[in-house]
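Participant: Have a look at this one before I ask anything.
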Amino acid sequence: MKKTISHPLFIVLFLIYITYYGLKQTEVVFPLFVSSYLADLLSIFLVNTFALAIIRKVQNKPNLEFPPLLVLLSIAMFSLFFEFYLPSQSTIYVQDPWDILCYFISGGMYVLWRR
């Protein structure tokens, strides 16, 4: 597969996320920026890459790409769900406009990488 889950960039970012998530379950204390924004900075990039790999496989279209508008839609969906819906449902979720900026950065990096 061209530039999806077997690409070294995806693998490195995925390993960073898995390592971070695993350590987050322990007593490890991260710097505030890392604990607040690392997952958000990786989210759109990782989710869209994984989704693209699955859709390419299921539809047997190895050259399929997500148009930038679809990436923007994924940013909007993440923003609405994680920054508006979940905080309105539970106090354990916090609305943070900086997270939305992180989603845009992640989506922008994804679009640039796909070129």
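Each value in this text was obtained by applying a stated rule to the coordinates, not by laboratory testing. Values in this document were obtained by computation on a predicted structure and should not be read as measured data. Every residue, glycine among them, receives a Cβ derived from its backbone with ideal geometry; neighbour counts consider all protein chains shown.
Participant: Mind listing which GluC sites (Glu not before Pro) in the stretch 25-84 are in a DSSP loop and have 13 or fewer other Cβ atoms within 10 Å?
Facilitator: E27
Participant: Using unit Cβ charges (K, R positive; D, E negative) and no other charged atoms, how large, in debye to the nearest 20, is the dipole of the stretch 8-114 about its Cα centre?
Facilitator: 500 debye
Participant: Evaluate E = 1/(1 + (r/R0)^6) for S35 and T91, where r is the Cβ-Cβ distance and R0 equals 22 Å; express this FRET efficiency to the nearest 0.05.
Facilitator: 0.75
Participant: Taking N as the number of residues in the stretch 3-59, what value does Rg over Cα atoms divided by 2.2 N^0.38 Å take? Could you put the intermediate results ahead of the total?
Facilitator: On the way: Rg = 13.2 Å, N = 57, 2.2 N^0.38 = 10.2 Å.
Cα-based Rg divided by the globular estimate yields 1.29.
Participant: Cα axis of helix 8-24 to longest principal axis of the chain: angle in degrees, 0 to 90, nearest 10?
Facilitator: So the inclination is approximately 20 degrees.
Participant: Between helix 32-59 and the chain, what is the angle of the helix's C-alpha long axis to the longest principal axis, kept within 0 to 90° and rounded to the nearest 10?
Facilitator: With rounding to tens, the tilt is 30 degrees.
Participant: Can you count the Lys pairs in the chain with C-alpha separation below 16 Å, eight or more apart or on different chains? Write down the numbers at each step before the final one.
Facilitator: Values: K2/K57; K2/K61; K3/K57; K3/K61.
Qualifying lysine pairs in the chain: 4.
Participant: Give, as ranges by residue number, the residues of the stretch 35-59 whose backbone N falls under 11 Å from the point 7 Å along Cα→Cβ of L101.
Facilitator: none
Participant: Moving on. Projected onto the charge dipole of the stretch 1-100 (+1 at Lys/Arg Cβ, -1 at Asp/Glu Cβ, origin at the Cα centre), which of T26, S88, I16 gives the Cα projection farthest towards the positive end?
Facilitator: With unit charges placed on the Cβ atoms, the residue in question is I16.
Participant: If neighbour count is taken as other Cβ atoms inside 10 Å, put I54, I92 in order from fewest to most.
Facilitator: I92, I54
Participant: Against the longest alpha carbon principal axis of the chain, how many degrees, from 0 to 90 and to the nearest 10, is the axis of helix 97-114 turned?
Facilitator: With both axes taken from Cα atoms, the answer is about 20 degrees.
Participant: Using a 10 angstrom cutoff on alpha carbons, build the Gaussian network for the chain and name the most mobile of I75, I16, I100.
Facilitator: I16
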